[in-house]
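Here the structure is laid out as structure tokens; the discussion comes afterwards.
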């Protein structure tokens, strides 16, 4: 688990989950230096009306939007798992990089999260996922680098969740190497990163289109109402 400092332990972190469109919320959000966006964008199967090419263009647009709304000294973090469509891989990390370049941000790190133990065969989705961090002004001291591979995913609240080990790694990085003390997830699902942020002493804000998932995200881990 992520260690909490004395100031963090002295107060109960807050969690707010809105039911609504994450893109619309991002477009109107006022985010400051203490706000980090940590999210996983929907797969093409969740927006079938767009078709794969339309979804890919939408995906890049949303990454560009998220990076542009993030304060120059804060970070945007994306957890994405590639998928296979009609026998061809869709590289979501490439889509993230393409969107990020449009917002003139730099990649601080790109980690691989093992979804199953190395050496196992998986079908439909690869055995790993991408965890990428971007910022406009913030830079990471090479002497404070962290492992590029997260070998054990930890717990997952559902198949599309960000694994607990990845959530904890992100929260640890935020606390130790950034000014960010609130986590924003505009596509929060069941709220895995929100739970981890609260456990680390940080406030969290989620947005979720599904009222059922939003309720789960609001209640997971015993968050304050």
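The values are calculated or read from the model by the stated rules, or taken from the named source; none is laboratory data. Every value quoted in this text rests on a predicted model; they were computed, and no experiment measured them. Cβ sites come from the backbone with ideal geometry, for glycine too, and all protein chains shown count toward neighbours.
Sort through 165, 169, 196 and tell me the only one that's under 15 Å from residue 109 (Cα atoms), in contact with a strand residue (DSSP E or B) (Cβ under 9 Å, 6 or more places away or on another chain) and assigned to a helix (DSSP H, G or I).
One residue alone meets the criteria, 169.
Among the residues of the range 26-45, is any more than 20 Å from residue 76 (Cβ to Cβ) and modelled with pLDDT of 90 or more?
Yes, the range 26-45 has at least one match.
Would you tally the residues in the range 126-174 being within 25 Å of residue 32 (Cβ to Cβ), surrounded by fewer than 20 Cβ atoms within 10 Å (Cβ to Cβ) and touching a residue at least 40 places away in the same chain (Cβ under 8 Å)?
The total comes to 4.
Give the residues of the range 72-107 that are under 19 Å from residue 182 (Cα atoms) and under 16 Å from the mean Cα position of the chain (by Cα), sorted by residue number.
74, 75, 76, 77, 78, 79, listed by residue number.
Does the range 156-178 hold any residues that are touching a helix residue (DSSP H, G or I) at 6+ places or on another chain (Cβ under 6 Å) and within 14 Å of residue 130 (Cβ to Cβ), and which are they?
Hit for the range 156-178 is 162, nothing else.
Could you go through the range 39-46 and let me know if any residue there is surrounded by 15 or more Cβ atoms within 10 Å (Cβ to Cβ) and more than 23 Å from residue 206 (Cα to Cα).
no
Considering only the range 35-47, how many residues are part of a loop (DSSP other than H, G, I, E, B) and in contact (Cβ under 8 Å) with a residue 60 or more places away in the chain?
4
In a strand (DSSP E or B), farther than 25 Å from residue 174 by Cβ and modelled with pLDDT under 95 - does that describe any residue in the range 48-67?
no
Quick test of your reading of the structure: residue 128 fulfils all but one of (1) in contact with a strand residue (DSSP E or B) (Cβ under 7 Å, 6 or more places away or on another chain); (2) within 27 Å of residue 13 (Cα to Cα). Name the failing condition by number.
(2)
Being within 16 Å of residue 82 (Cα to Cα) and at pLDDT below 95, is that true of even one residue in the range 130-149?
Within the range 130-149, not a single residue is within 16 Å of residue 82 (Cα to Cα) and at pLDDT below 95.
Does any residue in the range 96-112 that is more than 16 Å from residue 69 (Cα to Cα) come within less than 6 Å, Cβ to Cβ, of a residue that is in a loop (DSSP other than H, G, I, E, B) and at pLDDT 95 or above six or more places away or on a different chain, and which pairs are these?
111/148
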